[in-house]
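What follows is a short report on a single structure.
The values are calculated or read from the model by the stated rules, or taken from the named source; none is laboratory data. These numbers were taken from a predicted model, which means no experiment stands behind them. Methodologically, a virtual Cβ is constructed for each residue, glycine included, from the backbone with ideal geometry; neighbour enumeration extends over all protein chains shown. Remember, those area values only see protein heavy atoms, side chains included, never the ligands or the DNA or RNA. Shrake-Rupley method; radii C 1.70, N 1.55, O 1.52, S 1.80 Å.
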There are 2 protein chains.
Amino acid sequence: MNINDITSPADLRGLTLGELQVLAADLRKVLLDKLAAHGGHVGPNLGFLEATIALHYVFDTPRDKVVFDVSHQTYVHKMLTGRMRAFTDPAHYDDVTGFTNPDESPYDLFALGHTSTAIPLASGLAKARDLQGGTENVVAVIGDGSLSGGQAFEGLDYAAELKSNFIVIVNDNQMSIAENHGGLYDNLTLLRDTNGTASCNYFRSLGYDYVYVPYGNDIEALVRAFEGVKGSTRPVVVHVNTMKGEGYAPAESDKETFHFSGPFDLATGSSPAATEGYDDIFAEHMLDAMSGDDRVVVLTAGTPGAIGFTPGRRERGGRRFVDVGIAEQQAVSMASGLAKGGMRPVFGVCSTFLQRAYDQLSQDVAINRQPAVFVTFYGGVRGMNDATHLGFFDVPMISDIPGILFLEPTCRGEYLAMLDWAVAQTGCPVVVRTPAGRIIDRDGDFAVDYATAPYEIVERGDKVAIIGAGNFLQLALDAAALMRDKGVTPTVINPRYVSRLDTATLDGLRGYDTVITLEDNSIDGGFGQKVAALLGDSPVKVHCLGLPKAFPDRYDARQLLADAGLTPAAVAGLVK
Amino acid sequence: MNINDITSPADLRGLTLGELQVLAADLRKVLLDKLAAHGGHVGPNLGFLEATIALHYVFDTPRDKVVFDVSHQTYVHKMLTGRMRAFTDPAHYDDVTGFTNPDESPYDLFALGHTSTAIPLASGLAKARDLQGGTENVVAVIGDGSLSGGQAFEGLDYAAELKSNFIVIVNDNQMSIAENHGGLYDNLTLLRDTNGTASCNYFRSLGYDYVYVPYGNDIEALVRAFEGVKGSTRPVVVHVNTMKGEGYAPAESDKETFHFSGPFDLATGSSPAATEGYDDIFAEHMLDAMSGDDRVVVLTAGTPGAIGFTPGRRERGGRRFVDVGIAEQQAVSMASGLAKGGMRPVFGVCSTFLQRAYDQLSQDVAINRQPAVFVTFYGGVRGMNDATHLGFFDVPMISDIPGILFLEPTCRGEYLAMLDWAVAQTGCPVVVRTPAGRIIDRDGDFAVDYATAPYEIVERGDKVAIIGAGNFLQLALDAAALMRDKGVTPTVINPRYVSRLDTATLDGLRGYDTVITLEDNSIDGGFGQKVAALLGDSPVKVHCLGLPKAFPDRYDARQLLADAGLTPAAVAGLVK
């Protein structure tokens, strides 16, 4: 059938297996065209294409409920559930998000983007069904890489107790974003090597029935396997061996590059060479630090590429580059253990994913005063702009944990100086927030002791002070320039850190008319409100500006900043 | 030998096995005397007594490193490592904390109190050793109950990759705090039933060598097992089958009651009857709600007793009382799934343990706008006072997550009204913070729509406003009384919620001289700073008072409040 005739999964269910195979080829072609032109999660979607068809063919969706982990592998799911035009028509490519989204379709049960949550969420759906006497199937789809997240284990472990219909499809493409790490993966290898017959079986040890599908890109095998478990009255794992990037040679041969890619040349698989970013700057600087100091260890939790550690740089890092798999709790607590053991651990992590480890930062690091270093990426408005990946909340989440010093560099030079200082010192845990947006260089004395440093006075004026943290120092400087045009000479301050206040400098502003704080994070729980509280008993007017307390999805950064009053003109306009 | 002659584990190492057995009996007697007089973790320490002796006998502590999970089972460890007097001399009972503490002893590697962290922390020590060419043993001790925490899995999974000396001792006493939950526990049962020989083995599936010790309270068996793994060059799990409460019949027969107990009568095991607390009020109210509405489901993550769900009440809750095991991430995300499935989930949880699920609250609940209800316990200064169990941080952590309504009741009637409202509504996720301290009853109109309710004006005055959140409304009223004695008539406000501001009411205070905010949580990131920011451009003076941003250990609440200016006199003194 013509793929444009598919308006819902019901349209699949009358087809023969042969027709499904033709359909798969047609879908793959359309999908590849969009991926090459638009970018996206290439390998995960190509690899799970046949399984997605088989899922909707066998199960009575949306009555049967399917929860996709991370949901970055749901492009074909979207194609089959009424959203084909977002893949066939370039003018509509952006009609759909890159993840499941209940606002788009009743086939999308949750808005997801972090790993390892599908099984816990689905366990709630299954329990609700059991309590209400329902009979629908509940299916959780999870990739092998996501199994290393503790939440996936917690879900598997608990859901075995349901002792009712609960189907977990493990999409084993032998890859996380990069290579897998953890003892579990040897067991998956053993299971694949024994065609699923090995008696030592992680899933069975947790109480699951178990089915192995050796050819996970073969629709017939998948349909047979799914039909076998449909209506199961017991928790069961269907372990599906798939090929990440299936059907597109460049993606099959370079799985890491094609996990997620911007637009690429379909014929060759090549992409425009990337310009140097803060990920490269971080990785090269860390490799230098590792050369100079045997104690330096760099950690990632399954996202080495996001912190600049390409395969070549990982090799240069050797034994002192540690990938714990997607397991942020482990990374944070292991960093504490490494520090206790005399090493200088540096955990590089996307701001949004560090949210997984609030308690570990508090308990294992802060209470224990272990001088581990955490370097966050994609913090602020110029980070990732999916609702599930926002970098708005790192400052509110971390900066109120006692004893952690949260540093916000304002430029490349300060970033490197803060990294050097954080690694050299052993007094306290330190977070360094990697700048986002274009790379900025400015002069300044950055080789200071950040444990005791006062705020940096970047421009000295009077009556009005603008305190611009991290990425927003430039905004402060730009607003100051506009104010000067109006005859006001503001003091411009780089606070350097947002986890405590420089009360001496701030008390010096009590005679001012106006203090304006600018921060590239959710304004609620940010440093500006602390400044307002400190100066609350003085007559100075305090204006706190920052990002909204909200989960905007796929926002336009320029518009969001304008709406929040975070433009030079709007800031300058606060002073009459 | 006389136990008072033991100043370090070295004193054990010349003893015969027979002498160790005598020592064990002597230690148990002393330990029981202290437990009965002082209270503490009874069952865990009695059950791990022999294993603790064997550990220090076999391993060369402190050169060999032992990390105890939760570390509530380390009383005997403390007795053997230079702290005997804190167990033999009632005047010195409080010289030691209830957990390991590096400030007490070099044998204590970390300050711990939350579950499932020992393996990740120890993995850092082991990696540091390997990188430095060290040869010491690294041992992590973890109870079966803690294995359900995702962080324990993450640690086990990753540490298998070390492929070097890494010894995990699983203290399997067939209990969590209450009974265990999860499919994993069937595997532990299978392993015990087969004397460790079952081929489907959770630990082996993750890459560990495996040793089973069927008599985990037999010193000789333990010594033999530990000697067998000492110096291992591979990760290995020693699965030790122990008796929780070993050697004290009341603790053996009622393991849940004796997990942690206040002082008790040694002869009978009986304790003074507890007076009704908020845990009872919550549990009975929820059971009523469950009777009236089939959709209500109450969840716990392994701490049913802390939320009033005694065994009898759990039975009354039936299938709609869910214990997911110690797995807060699972509980939060499952609650989201239950809400999506049409149920009304209520997750009761200690404030300090909800820290494990920041990301799940943000991603799986808030972004998905699922109206799950979270009821926290032991929040504020009157909660638990160990540094690892503070209830100071729930407000800063949760109240800045977009879309979650955080309610703080000020008395019993408002608490019940908020619970009723939270369960009945389906508009948003809600946190209700259970009051702490003595039970307070006051009149008020609590049957309001908390989604739109303004602040409650409890006493109307002028010029001065005191906003007292939750537990601190009483402090506000007491301070107001003192002010009235001085001729000032303050307005006293109950804000009801701390996750957003009632800007209309607050704007009405712009003509006031002074606004004072009082909150029973870390002042940084609290609601007071938001009030200060809102009023930052007005001349009104704002004073924000709350608990310190710190991890005080075993603090005296009265002293801590005085130091923070949180007394009626100090608050009243802010107004001259």
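Spin-label pair A:K463-A:Q21: with each label point 7 Å from Cα along the Cα-Cβ axis, the two points sit 8.1 nm from one another. With all pairs of separate Cα atoms included, the range B:173-273 yields a Kirkwood hydrodynamic radius of 15.5 Å. Convex hull volume of the C-alpha atoms in the protein assembly as shown, normalised per residue: 160 Å³. B:F264 exposes around 20 Å² of accessible area when a 1.4 Å probe is run over every protein chain in place.
Spatial offset of the range A:63-126 relative to the range B:210-269 amounts to 48 Å, using the alpha carbon center of each. For the range A:104-165, the list of trypsin sites (Lys or Arg not before Pro) that fall in a loop by DSSP and count at most 16 other C-beta atoms within 10 angstrom reads A:K163. Bridgeable aspartates and glutamates around A:K541 (alpha carbons under 12 Å apart, same-chain partners fewer than 8 residues away excluded): A:D513, B:D537. In the range B:237-296, inverting the average of 1/r over every pair of distinct C-alpha atoms gives 14.7 Å as the Kirkwood radius. Per residue, the accessible area of the protein assembly as shown comes to 31 Å², computed with a 1.4 Å probe over protein heavy atoms only. Look at the Cα gyration tensor of the range A:471-521: its axes a ≥ b ≥ c give a/c of at least 1.5 with a/b at or below b/c, and that counts as oblate.
For the range A:384-474, dividing the convex hull volume of the Cα atoms by the residue count gives 131 Å³ per residue. One Cα centroid belongs to the range A:539-558, the other to the range A:355-417; the line between them spans 18 Å. Protein-only accessible surface at a 1.4 angstrom probe places the residues A:K340, B:K576 in the order B:K576, A:K340, largest first.
Seen from B:S71, the other residues with C-beta closer than 15 Å to its C-beta sum to a net charge of -2, counting Lys and Arg as +1 and Asp and Glu as -1. All C-alpha pair distances within the range A:327-448, sorted into 10 Å bins from zero, spread as 15, 46, 32, 7 percent across the bins.
The range A:1-120 has equivalent-ellipsoid semi-axes of 20, 18, 13 Å, by the square roots of 5 times the alpha carbon gyration tensor eigenvalues, sorted largest first. Note on A:H77: accessible area approximately 0 square angstrom, rounded to 10, probe 1.4 Å, nucleic acids and ligands left out. Considering the rotation that superimposes chain A on chain B, the residue of A whose beta-carbon lies nearest the axis, and that distance in Å, is A:G150, 1. Can you tally the net charge around B:Q559? Count Lys and Arg as +1, Asp and Glu as -1, for every other residue whose Cβ sits under 14 Å from the Cβ of B:Q559. Around B:Q559, the surrounding residues sum to 0. Buried on complex formation within the range B:155-188 (loss of at least 50 square angstrom of accessible surface versus the isolated chain, 1.4 Å probe, ligands and nucleic acids ignored): B:D157, B:Y158, B:E161, B:G183. With the convex hull of the Cα atoms taken as the outline of the range B:461-576, the averaged projected area works out to 6.9 nm².
The heavy atoms of B:W421 offer some 40 square angstrom of accessible surface to a 1.4 angstrom probe. Split the accessible area of chain A by element, probe 1.4 Å, and carbon with sulfur accounts for 50%. With label points defined 7 Å past Cα in the direction of Cβ, position B:K163 shows copy-to-copy spacings of 4.2 nm, given to one decimal and shortest first.
Annotation for the range B:30-47 versus the range B:288-311: alpha-carbon center distance of 29 Å. Take every pair of alpha-carbon atoms less than 8 Å apart whose residues are at least six positions apart; their mean separation over the length of chain B yields a relative contact order of 10 percent. Relative intensity of chain A on a log10 scale, I(q)/I(0) at q = 0.05, 0.07 Å⁻¹, equals -0.24, -0.46, per a Debye sum over C-alpha point scatterers of equal strength in the absence of solvent. Just list whichever of A:K65/A:K244; A:K576/B:K530; B:K29/B:K255; A:K65/A:K549 have alpha carbons separated by over 27 Å in the model shown. Cα-Cα > 27 Å for A:K65/A:K549; rest within. Computed from point charges on the beta carbon alone (+1 for Lys and Arg, -1 for Asp and Glu), the dipole magnitude for the range A:319-462 about its Cα centre is near 520 Debye. Hydrophobic, long helices, defined as DSSP H runs whose alpha-carbon span along the helix axis is 24 Å or greater and whose mean Kyte-Doolittle value is at least -0.5, occur in chain B at B:17-38.
Computed from the C-beta positions of A:D537 and B:D293 and an R0 of 45 Å, the FRET efficiency is 0.40 to the nearest 0.05.
Among the residues of B:535-547, the average count of other protein chain beta-carbon atoms within 10 Å of the residue beta-carbon is 4.
Each of B:L405, B:A366, B:W421 was placed along the dipole of the range B:322-438 (beta-carbon charges, centred on the mean Cα), and the one lying farthest toward the positive end is B:W421. Both chains summed, the buried accessible area for A and B stands near 8500 Å², from protein heavy atoms and a 1.4 Å probe. In the assembly of identical copies, B:R234 has its label point, taken 7 Å from Cα in the direction of the beta carbon, separated from the corresponding points by 3.0 nm (ascending, one decimal). Sorted shortest first, the distances from the B:Q425 label point to those of the same residue in the other copies are 4.3 nm; each point sits 7 Å from Cα along Cα-to-Cβ.
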